[in-house]
Amino acid sequence: MYSPNPEQLAALASAKAHWGKRWKKELSECWLIVRYPHQLSDISNLLQQVRNQGGPAFLKTFRFPRAKKVWVEAAPLSRGGEIRVLEKAPERSPIEKLDQSINRLLKESREGKTLAEKIVLEREIKALRQQKRELILAAI
């Protein structure tokens, strides 16, 4: 299966930025008539290479490659501002975990729930917010 090179990927990304949601349809039409808008004239040769190498049906299954996730940790400037690249995602603090739970419950309460279910969720949210306040006060 054909895989575009980095320059061709950049050209496809420019086409996507130019046309928005309908970029694949618009690019397919340009491929048929071998004509591109003035804004894409600088990269038209790369877009045509993609069509010639991948074929006209290439866009139907094309997805941009996912970027690798990178986690970094930055020390405060008062301690030198050192930046380190981490091997894995940093462990979340208890406060961040509570925030995540609260946000999940808030989202659930907005989705079509009965009044009784919403009341139960509101009580859970209130209890989690109290736990969060206690953790913050304990850290001070």
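Taken together, the values in this text are just the output of simple stated rules run on the coordinates, not laboratory data. A quick note: this is a predicted structure, and the numbers were derived from the prediction, not measured. So basically every Cβ, Gly included, is an ideal-geometry build from the backbone, and we count neighbours across all protein chains shown.
In square nanometres, what is one fourth of the surface area of the convex hull spanned by the alpha carbons of region 41-100?
9.1 nm²
For K107, go through the aspartates and glutamates and keep the ones whose alpha-carbon is under 17 Å away, minus same-chain ones fewer than eight residues off.
Once the sequence-local aspartates and glutamates are set aside, what remains near K107 is E96, D99, E117, E122, E124.
Size of the dipole of the chain about the Cα centre, Lys and Arg at +1 and Asp and Glu at -1 on the beta carbon, nothing else charged, in debye to 20?
Dipole magnitude for the chain comes out near 380 debye.
Give me the angle, in degrees from 0 to 90, between the Cα long axis of helix 115-139 and the longest principal axis of the Cα atoms of the chain, rounded to the nearest 10.
Tilt of helix 115-139: around 80 degrees.
When we measure straight from the Cα of K60, which aspartates and glutamates land under 14 angstrom away, once same-chain ones fewer than 8 places off are left out?
E26, E29
Helix-derived [θ] at 222 nm for the chain: sum -39500 (n - 2.57) over DSSP H runs of at least 4, divide by residue count, nearest 500?
Mean residue ellipticity at 222 nm (helix-derived): -19000 deg cm²/dmol.
Could you list log10 I(q)/I(0) for region 27-129 at q = 0.13, 0.17, 0.18 Å⁻¹, which the Debye formula gives when each Cα is one point scatterer?
-0.79, -0.84, -0.89
Hand me the trypsin sites (Lys or Arg not before Pro) from region 26-70 located in a DSSP loop with no more than 12 other Cβ atoms within 10 Å, in residue order please.
Qualifying residues, ordered by number: R35, R63, R66, K68, K69.
Translational diffusion coefficient of region 6-61 at 25 °C, 0.890 mPa s, Stokes-Einstein with Kirkwood Rh over Cα pairs, in µm²/s as a whole number.
The Stokes-Einstein estimate is 223 µm²/s.
Could you tell me whether region 94-139 comes out rounded, prolate or oblate from its Cα gyration tensor? Rule is a ≥ b ≥ c as square roots of the eigenvalues, rounded for a/c under 1.5, then prolate if a/b exceeds b/c, otherwise oblate.
oblate
Of the residues L77, L98, L40, which exhibits the maximal mean-square fluctuation in a Gaussian network model of the chain defined by a 10 Å Cα contact cut-off?
Judging by the Gaussian network model, the answer is L77.
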